[in-house]
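S.K.: This structure is in structure tokens; I'll ask about it shortly.
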Ligand code: TRP
């Protein structure tokens, strides 16, 4: 059988997923999965989530199932993708320890995404060592599956770069070809990110400006009707701004009828089109997109035992792959003292 290149993606389970995750990454992953060119692995990164939530394992545990439901709801298909749980793959921890010796503290401190998160989370002088080093653990995730393609948002670029460096170091130092350099697969320029309901550049749980994949019809409607538009568009007959108007940003992303959206924009800029009307249209568009996702989610949510089985089966398969890579890594380093090669 011909072997397809491996594609790996993952998410930290810290809450339910929202339409920002959908646009930025989930939709892409489902499309790539269904194209069938890659062998997809999808990982719920609970160990990585613990690096800044060590005191709240309950949150991670609950979110694990929420994320799994969101995956299944959007169409990640366990018959095509291996869905697994990071903490259930012991080889990842051993690979992390091995790679830790190939990276300097200074290099870790320079990682722009980690740097930004440290500021954002106000760790100050109290950065957990596990948090500072999570890019190394992410390199273990990626290399354990010899993943070639990593579909992620732009903020993950530094992780891919660090992984590539580690792969080169390892293969060079241990004179091996065991590890594979990954390539990031990013959303097209400007399409990967949607603003929050309040117009903030980022949609996130902590900013309380998100529409969740699991939101019910009423909740979606309420959120849409409260969205940020043009603050200077006070009377219906006033000309309104389209640029920076979150309702139009969402319509550009979600509405299939782009010529109708263009008409609405022209009318809005001219004056005479009220915010309520464009919001009602956006509500219709979003309800139509999200209803099938929500319905599929509910079917799986009613059978958590099945979801658990999917994760267990996926984790067992992922474990075998990661163990095999770890064995090759140990062989390459010559630290397989007591077994003949290939056995542990
Ligand atoms: N850091 C990723 C995020 O925050 C999650 C993640 C962990 C990941 N391991 C990964 C993504 C490996 C891709 C590949 O979204």
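S.K.: For residue 230, are the conditions met, namely being at pLDDT 95 or above, part of a loop (DSSP other than H, G, I, E, B) and either surrounded by 13 or more Cβ atoms within 10 Å (Cβ to Cβ) or over 21 Å from the mean Cα position of the chain (by Cα) (or both)?
M.R.: No: the conditions fail for residue 230.
S.K.: Between 165, 181, which is within 16 Å of the ligand (Cβ to nearest atom), at negative phi, in a loop (DSSP other than H, G, I, E, B) and over 15 Å from the mean Cα position of the chain (by Cα)?
M.R.: Testing whether each residue is within 16 Å of the ligand (Cβ to nearest atom), at negative phi, in a loop (DSSP other than H, G, I, E, B) and over 15 Å from the mean Cα position of the chain (by Cα) leaves just 181.
S.K.: Which of (1) within 16 Å of residue 281 (Cβ to Cβ); (2) surrounded by 13 or more Cβ atoms within 10 Å (Cβ to Cβ) is the odd one out, the single condition residue 257 does not satisfy?
M.R.: Every condition holds for residue 257 apart from (2).
S.K.: Would you mind finding the one in 150, 142 that is assigned to a helix (DSSP H, G or I) and either within 8 Å of the ligand (Cβ to nearest atom) or more than 16 Å from residue 102 (Cα to Cα) (or both)?
M.R.: Only one candidate qualifies: 142.
S.K.: Something else: Any residue in the range 60-68 that is assigned to a loop (DSSP other than H, G, I, E, B) and at pLDDT 95 or above?
M.R.: Looking through the range 60-68, none of the residues is assigned to a loop (DSSP other than H, G, I, E, B) and at pLDDT 95 or above.
S.K.: Within the range 30-47, is there a residue that is part of a helix (DSSP H, G or I), within 15 Å of the ligand (Cβ to nearest atom) and touching a helix residue (DSSP H, G or I) at 6+ places or on another chain (Cβ under 8 Å)?
M.R.: yes
S.K.: So, one more: So residue 170 passes all but one of these: (1) within 14 Å of the ligand (Cβ to nearest atom); (2) assigned to a helix (DSSP H, G or I); (3) crowded, with 19+ Cβ neighbours inside 10 Å. Which condition number does it fail?
M.R.: Every listed condition holds for residue 170 apart from (1).
S.K.: Among the residues of the range 80-89, is any free of Cβ contacts under 8 Å to residues at least 40 places away in the same chain, surrounded by fewer than 18 Cβ atoms within 10 Å (Cβ to Cβ) and either assigned by TED's automatic domain parsing to the domain that holds residue 167 or within 13 Å of the ligand (Cβ to nearest atom) (or both)?
M.R.: Checked against the condition, which is being free of Cβ contacts under 8 Å to residues at least 40 places away in the same chain, surrounded by fewer than 18 Cβ atoms within 10 Å (Cβ to Cβ) and either assigned by TED's automatic domain parsing to the domain that holds residue 167 or within 13 Å of the ligand (Cβ to nearest atom) (or both), the range 80-89 yields no hits at all.
S.K.: Within the range 243-319, which helices (runs of 4 or more DSSP H) (wholly inside it) include 3 or more residues that are within 19 Å of residue 221 (Cα to Cα) and out of contact with any helix residue (DSSP H, G or I) (no Cβ under 6 Å at 6 or more places or on another chain)?
M.R.: 246-254, 275-301
S.K.: Condition first: buried (at least 17 other Cβ atoms within 10 Å of the Cβ) and farther than 10 Å from residue 136 by Cα. Now tell me which residues in the range 95-112 satisfy that.
M.R.: Of everything in the range 95-112, just one residue is buried (at least 17 other Cβ atoms within 10 Å of the Cβ) and farther than 10 Å from residue 136 by Cα, namely 111.
S.K.: Any idea which residue in the range 48-59 is farthest from residue 206 (Cα to Cα), counting only those that are within 11 Å of the ligand (Cβ to nearest atom) and in a loop (DSSP other than H, G, I, E, B)?
M.R.: The residue in question is 51.
S.K.: So, one more: Mind counting the residues in the range 12-22 that are in a helix (DSSP H, G or I) and within 15 Å of the ligand (Cβ to nearest atom)?
M.R.: Of the residues in that region, 3 qualify.
S.K.: Give the residue, chosen from 25, 9, that is within 13 Å of the ligand (Cβ to nearest atom) and under 22 Å from residue 206 (Cβ atoms).
M.R.: Going through 25, 9 in turn, the sole match is 25.
S.K.: Let me ask another. Any residue that is within 13 Å of the ligand (Cβ to nearest atom) and either part of a strand (DSSP E or B) or under 30 Å from residue 209 (Cβ atoms) (or both) - is there at least one of those in the range 95-109?
M.R.: no
The values are calculated or read from the model by the stated rules, or taken from the named source; none is laboratory data. Keep in mind the model is a prediction, meaning the values are calculated, not measured. A quick note on method: Cβ atoms are made from the backbone with ideal geometry, for glycine too, and the neighbour counts reach across all protein chains shown.
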